[in-house]
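The values are calculated or read from the model by the stated rules, or taken from the named source; none is laboratory data. Note that this is a predicted model, so its numbers are computed, not measured. Quick reminder, even Gly has a Cβ in these numbers, built from the backbone with ideal geometry, and neighbours come from all protein chains shown. Note: accessible area is taken over every heavy atom of the protein model, side chains too, but ligands, DNA and RNA are not part of it. Shrake-Rupley method; radii C 1.70, N 1.55, O 1.52, S 1.80 Å.
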Amino acid sequence: MEEINSLSFIELEKVVKNLSENSFRAKQLFNWFHEKLVYDYDKMTNLSLSLRNKLKEKYPLYELYIVQKLVSNIDGTKKYLFKLQDGNIIESVLMKYKHGASVCISTQVGCRMGCKFCASTIDGLVRNLTPAEMLGQVYSIINDTNEKVSNIVMMGTGEPLENYENMLKFLELINNEQGQNIGIRHITISTCGIAPKILELADLNFGLTLAISLHATTNDKRCKIMPITNKYSLEDILDAVKIYITKTNRRVTFEYGLILGKNDSQEDAKELVTLLKGLNCHVNLIPINTIDEKDYKASSTKNIAEFAKILNAQNIQTTIRRKLGEDIDAACGQLRRRFVNL
Ligand code: SAH
């Protein structure tokens, strides 16, 4: 049975109808779930007691349980470990920027993409997250902090384009005017490059921000760190991205994690220029976080600065990702892994 708070408004109307209730109840329920963020039917005081009891029995609600929360003393970044109903653990992060608060959510438990520098993928994929579980990360953080969330990034554990249908439902619900109403332009999806899904997204023409985890400039080098390249080559990915840009008229972000001695030379920077020249894009250079299990080290500050200089000199807009929450030391994907291995 699907969770009731994963349903679209139209689906919710059907549920209400099947319970022989007036259709305006759907609006009330939607409002409790997605605007007021309430998980306890007994608090939904404008519903009749009999309806509340029916719902409790047929559609139990589950609020993500906060197992652990780490707060940075430097910048206020908060990292959350949540327990799902089936006991699986996922992580999410709240980051504060000048333009508002941003939540980074996970889209899967684990990941099967196998990127060599990433901790999320070491135990493979466990399962996809449901729309309610993706929303639950944002809602629990709002309930915990009373913070207004203005941006969402799908950059936590998992590959969002491998959980495509649920991701689309999440977008519909988080963007809904009767819910949190987070603008689609304030939502970023990060992918390792599932080319056919990038094309499907292009056809939907949503206006969200697409981020591509590139990390290397030739298929040979990329295969060694990102096995997905065996399935979709750099050419496949870049062709899909070009179509995405043409159809949506949106600027695409390329993420490039700099790994010492692997992809951070001046030669690499020049190759990146050749690949991206003329594209409506932005490059985000990420000093890679070292993970315990793997032998990949962060590039040096000097190499990173040189790399950025070469790109900027060729008019490829480049930023170096600011590290948030360094004192709570929980690099991409590592928080969950450390916890699960305790
Ligand atoms: N599967 C999606 C989203 C999750 S990864 C993707 O591949 O884009 C989100 C971002 O974190 C990606 O750019 C990924 O390459 C990056 N990342 C993974 N491991 C990292 C590490 N050890 N240090 C820095 N960034 C990392």
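Annotations for the structure displayed:
- Counting every alpha-carbon pair across segment 108-160, the share separated by more than 15 Å comes to 52%.
- Where the chain is the region considered: accessible area per residue in Å², 1.4 Å probe: 46
- Projected-area mean, segment 126-226, by convex hull of Cα positions, square nanometres: 7.5
- Top of Leu260, Leu204, Leu272 by mean-square fluctuation, Gaussian network on the chain, Cα under 10 Å: Leu204
- Net charge dipole, segment 1-142: roughly 220 debye, given to the nearest 20, about the Cα centre with Cβ charges of +1 for Lys and Arg and -1 for Asp and Glu.
- Farthest positive-ward along segment 206-251 dipole, Cα basis, beta-carbon charges - from Thr246, Met226, Leu210: Leu210
- The chain - percent relative contact order, Cα under 8 Å, separation 6 or more: 15
- The Stokes-Einstein estimate for segment 166-272, based on a Kirkwood radius over Cα pairs and taken at 4 °C with 1.567 mPa s viscosity, is a diffusion coefficient of 86 µm²/s.
- Computed over the chain, the per-residue total of -39500 (n - 2.57) for DSSP H runs of n ≥ 4 gives a 222 nm mean residue ellipticity of -10500 deg cm²/dmol, rounded to 500.
- Antiparallel bridges, percent of DSSP beta bridges restricted to the chain (to nearest 5): 45
- Each principal axis of the Cα atoms in segment 1-97 has its own extent, and those three values, largest first, are 53, 29, 23 angstrom.
- Loop-located trypsin sites (Lys or Arg not before Pro) in segment 1-45 whose Cβ has at most 15 other Cβ within 10 Å (DSSP): Lys36
- Restricted to Cα atoms, segment 69-189 shows a radius of gyration and a Dmax of 13.9, 41 angstrom.
- Of Lys17/Lys169; Lys79/Lys148; Lys58/Lys197; Lys43/Lys79, pairs whose Cα-Cα distance is over 24 Å: Lys58/Lys197; Lys43/Lys79
- Put simply, the Cα atoms of the chain extend 69, 45, 36 Å along their principal axes, the longest span coming first.
- Options Ile189, Ile320, Met113, ranked by Cα towards positive dipole end of the chain, top entry (Cβ charges): Ile320
- Debye intensity ratio I(q)/I(0), log10, segment 56-117, q values 0.15 Å⁻¹ (C-alpha model): -0.63
- Between segment 50-81 and segment 183-255, the alpha-carbon centres lie 32 Å apart.
- These residues, Ile10, Ile316, go from largest to smallest accessible area, 1.4 Å probe, as Ile10, Ile316.
- Of the residues Ser300, Val283, Tyr256, the one whose Cα sits farthest towards the positive end of the charge dipole of segment 242-326 is Val283 (charges of +1 on Lys and Arg Cβ, -1 on Asp and Glu Cβ, taken about the Cα centre).
- Share of carbon and sulfur in the accessible heavy-atom surface of the chain [1.4 Å probe, %]: 48
- Using Cβ point charges alone (K and R +1, D and E -1), the dipole size of the chain about the Cα centre works out to roughly 460 debye.
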